[in-house]
Structures are given as structure tokens and as C-alpha cells.
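Values in this text are rule-based calculations from the coordinates and carry no lab data. These numbers were taken from a predicted model, which means no experiment stands behind them. Positions of Cβ are backbone-derived with ideal geometry, glycine not excepted, and every protein chain shown enters the neighbour counts.
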Amino acid sequence: MSSYYIEGRDFASFVDTLVQDARVVGPIAKRQKFVFGEVSSAQDLRLDYDVTLLPPKKVFFPPKQEIARFDATTVEGTIEPIDTVLLGVHHYDVRGIDMTDFLLREGNADWNYLAQREATTIVASNVQRVAPRAFWASMIDKVGPQGHDAYLTKLDDGYVYETRTPKGEALLAHGTFRDATASDIAAAQKVHADVLGQCQQQLPYTSAEIATKIRESYSNEALWDELSRNCFSCGSCNTVCPTCYCFDMRDTWNLDQTSGSRTRYWDACLTKEFAAISMPGGLKENFREHHQSRFRHRFMRKGAYLNEKLGSPACTGCGRCSMACTADIADPVRVIKTIMEWS
Ligand code: SF4
Ligand code: SF4
């Protein structure tokens, strides 16, 4: 849509005015790290973050979410969307949201997710510091962001604010903006181009090459054994991932044994119980019993099955899984390179 500019000295009052009118969620400091959390004033906001511990999908899809209450005769949904501005989302996390939007809309749409998603305005912001394990620069041609409503780019003395949707345009009323000049826009483009060279890791293959080779590797037991040998099935690589969306449902019954509630929880396909099912006669079956098959499943999903559906790997290059894995075996760059080069 259009490009605007706001002076640095006016930006704090823009954020403070937003906070008065809506819930604002953005990057804030947590000890030496960063998280997406509720912003109570402009002072909280840390747009200079490198990466957050968890991705912003938790705003629409919380780790634990009560979705319904029931009694003997009725079931009532409990989701109540809150008008929210999600401020300061890096482009790779916008792309993660794009993927979950697609995956949770297709087929039987997940309105428990979509209700809060539609009540949210997303303002992306440029990456000012690159996380050490990030590789999004080599994913950006595969994964361009689309689901944001506006894009904020920090220049020396202020910010360029590009609107993408009417929701992004509506936020202009909260601040003192002027039209961006051609030199403001050129400066913002240079900021984006310069940061691309700062990712230390690269994944130099096309989406199609990755999908084909990963599928071909399915039966290569030696490969998956080598890659997964030190996995202790903690599920951290799933938990921190912006594109993982599996969940478990649990019903809690009240003492009357007729009423209760249904809650969903994030699930993780690397954990041992993920694929365990009950069978008649009190038996139990686990169709991915060994950590090799669970580790393989993660890369089949991200690199092949969802890749073929999305047109790009279900990976944004955020690098969170590499940082979260104590055994240091989850890094998609290292894993996919090993698969691509295995002879
Ligand atoms: S697989 Fe790892 S690098 Fe890729 S999106 Fe998930 S957490 Fe980020
Ligand atoms: S790959 Fe790493 S983070 Fe993922 S389950 Fe195994 S040990 Fe945990």
C-alpha cells in the first residue's frame, strides 16, 4: 500500500498510545534472552532482539488452551479473541505464521486458532541483530513473508512504516507519521539487503531438490541412525519451532462426572509417547517407537511432506531448534546437508 516515516523521538509515544488502545505483544527482554510478551510501555519493547525463545505463534496457538466446556447436554466454546497488535515480528516468523495460517485453514479449518489470528494486527520489523544459528537468508527466496499488516524498518533517526493492509493503515492514527521520501525507502531497502549477508549458515538447495532427496533417503537406516544417534527425545526442537502445530487434547471431568472441559496442549513428535495408541484388550502400540524413526519423521514432515504442500520447506531458518537441542543434532542445515551429500 503506502510508505510513511516516523521520527525516533515520536516512536515511543506511538507505542504508548497503541498500548492504551489494544493489547500489544512484542519482543521484550527475559534475563539475557528475549521472548514475545505483553508490552506495557515503549520502554519494554526490544526491537534490537536477535531471536525470541519461542515464536509468536503462541499468541494464536497457546501452549495450553481451554477450548470448550461441556455438561450432559451442551458443549460451549470458550475461545474469546482479544484485539491485539503483534509488534516487531521478524520476517522469518511472519513466514512461520503464513505456514500455520495455511495449514490450519486447509480442510477442516481450526477456528480456535483463526479467531485470535483474525483479531490480530501484525507489524513486522527488520532484523537488527542476527542470531548465531540463523540461516533465514538462504530460505528467503523459498519463504517470503506475506501475513503481516505493516513493516517497520529502523533507520538512523527514525522508522519507515510500510502498510500492507487496511489494518496496518489503521495504526497510523496512533502516531505522528509523514509520507516517506524516495531516499527513506531506498535506505530501508539497503537495510534489508545488508542484513542478508550476516547469516553465518546457508542452505544452498532448492525446495524441490530437498524434497526429492529427503524422500529418497527414507529407507536409509544407516543415515538416520547416524543423524539421530544422540537424540534423547526431549521434543525441544518441536516446542521452539514456528511451523510445528501438532497438539494433544485432554478432557478434564468434574466430580459430577457429567460436566468438564476440553483443553489442548502443544505436542511434540520427537517424544516417545507421541505415536503411542491404545489397542483393544488393554494393549498399546507405538508406531514410531525408536528415536531414529521419530527423528526421520521430523525431517520427512519439514523437508518433504509439508514442503510439497507449501512449495517450500516447513522451516523458516530461524535457528531456534539448533539452539534448543542439548545434543546439538537438530540443526536443519547440518542435517539436510548430510542428507544431500550422503552417497
Ligand atoms: S526447523 Fe528449526 S530452524 Fe526451521 S523453523 Fe523450525 S525451529 Fe526454526
Ligand atoms: S533432536 Fe535434540 S532437541 Fe530434538 S528431541 Fe532430539 S535431543 Fe531433543
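Listing for the model above:
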read-out	value
Projected-area average for the stretch 115-170 over all orientations - Cα convex hull basis, square nanometres	5.4 nm²
Residue order, fewest to most surrounding Cβ atoms within 10 angstrom, among Asp98, Asp194, Asp267	Asp194, Asp267, Asp98
Exposure proxy ranking, count of Cβ atoms within 10 Å, fewest first, for Ile336, Ile210, Ile97	Ile336, Ile210, Ile97
Selected from Asn126, Gln43, Ile277, residue furthest toward positive end of dipole (the chain; charges at beta carbon)	Ile277
Entries in Lys57/Lys302; Lys64/Lys213; Lys33/Lys64 that, when Cα-Cα distance is taken, lie over 24 Å	Lys64/Lys213
Linear extension gain, Thr165 paired with Gln32, 0.36 nm per residue minus alpha-carbon span	44.4 nm
Over 30 Å [Cα-Cα, the stretch 3-196], rounded percent	21 percent
Size descriptor, Kirkwood hydrodynamic radius, that averages inverse alpha-carbon separations across the stretch 113-225, Å	17.2 Å
Loop GluC sites (Glu not before Pro), the stretch 237-307, which have at most 13 other Cβ atoms in a 10 Å radius of their Cβ (DSSP)	Glu273, Glu289
Relative contact order [Cα under 8 Å, 6+ residues apart], the stretch 183-288, whole percent	16 percent
Shape metrics for the stretch 207-276, restricted to C-alpha atoms - Rg then Dmax, Å	17.9, 57
Fluctuation leader among Ala124, Ala327, Ala134 - the chain, Gaussian network, Cα springs under 10 angstrom	Ala327
The stretch 6-62 shape via C-alpha gyration tensor axes, a/c threshold 1.5	oblate
Along each principal axis, Cα extent of the chain, largest first, Å	70, 61, 38
Residue-by-residue Karplus 3J(HN,Hα) for the stretch 120-129, coefficients 6.51, -1.76, 1.60, Hz, glycine and proline x	10, 9, 9, 10, 6, 9, 5, 7, 9, 9
Cα-based Rg and Dmax for the stretch 268-343, where Dmax is the largest Cα-Cα distance (Å)	14.8, 46
Centroid-to-centroid separation of the stretch 176-240 and the stretch 119-135 [C-alpha atoms, Å]	13 Å
Neighbour cut-off at most 10 other Cβ (10 Å), DSSP loop, chymotrypsin sites (Phe, Trp or Tyr not before Pro), the stretch 261-308	Phe287
Residue exposure sequence - Lys33, Lys284 - by fewest surrounding Cβ within 10 Å	Lys284, Lys33
Gain upon complete extension [Arg178, Phe70; 0.36 nm per residue less C-alpha separation]	33.7 nm
